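Take a look at the structure set out below.
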């Protein structure tokens, strides 16, 4: 007799696209950008070793790439803390801000830090994985006081992961390959 264990994932996010897009972004997003966003349910193993379900918002043209990358993340059990759509941190309590530090997300209508240029996140064409473990590093300086980059720590992207190879093969850039600085959490596919 075969016993089938149907283990339901832990739901980290269960929003509609309308609910997500109603949340205030860092900057007001134009309707034509909002119209191109889609919400994807993704499954992954979190640091508790259990299957979770979250959501990520990306440009309609990138849905297949992102879904397949997350399928690889799940199948290889690469640990991901959480995947929840961006919520303006000004709307969060201090406890929520602290617990969201390692959340993976994509769409966020904002500028590239320190510039007047829109980020690829502003168009849903970039996403970050485990930002606390995969920080932005300029020179020898990690840009977050709570982050440390150590590829021996589970959930840290070293560049040899199957999902990294998949994304690169499909025209995505990984911030860990950049030469001027490293943005280990970051994946983008320009317009």
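The values are calculated or read from the model by the stated rules, or taken from the named source; none is laboratory data. On a predicted model such as this, the values are computed, not experimentally measured, just so you know. Virtual Cβ from ideal backbone geometry, glycine too; neighbours counted across all protein chains shown.
The table below gives the values:
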item	result
Qualifying helices (runs of 4 or more DSSP H) (wholly inside region 1-89; at least 3 residues being modelled with pLDDT under 95)	17-22
Count of region 156-176 residues which are outside any loop (DSSP other than H, G, I, E, B) and touching a helix residue (DSSP H, G or I) at 6+ places or on another chain (Cβ under 7 Å)	5
Pick from region 10-29, criterion in contact with a strand residue (DSSP E or B) (Cβ under 8 Å, 6 or more places away or on another chain) and free of Cβ contacts under 8 Å to residues at least 40 places away in the same chain, ranking: surrounded by the most Cβ atoms within 10 Å (Cβ to Cβ)	21
Conditions (1) surrounded by 17 or more Cβ atoms within 10 Å (Cβ to Cβ); (2) part of a loop (DSSP other than H, G, I, E, B); (3) in contact with a helix residue (DSSP H, G or I) (Cβ under 7 Å, 6 or more places away or on another chain): number failed by residue 127	(2)
Lone unmet requirement of (1) more than 19 Å from residue 129 (Cα to Cα); (2) crowded, with 17+ Cβ neighbours inside 10 Å for residue 42	(1)
Residue in region 111-121 that is touching a residue at least 12 places away in the same chain (Cβ under 8 Å), surrounded by 14 or more Cβ atoms within 10 Å (Cβ to Cβ) and under 19 Å from residue 42 (Cα atoms) present	yes
Exclusive hit being more than 17 Å from the chain's Cα centre (by Cα) and at negative phi, set 156, 179	179
Checklist (1) touching a residue at least 12 places away in the same chain (Cβ under 8 Å); (2) closer than 19 Å to residue 113 by Cβ applied to residue 166, failing item	(2)
Residue in region 135-155 that is over 28 Å from residue 28 (Cα atoms), at pLDDT 95 or above and touching a helix residue (DSSP H, G or I) at 6+ places or on another chain (Cβ under 9 Å) present	no
Breaking point among (1) in a strand (DSSP E or B); (2) more than 16 Å from the chain's Cα centre (by Cα), for residue 187	(2)
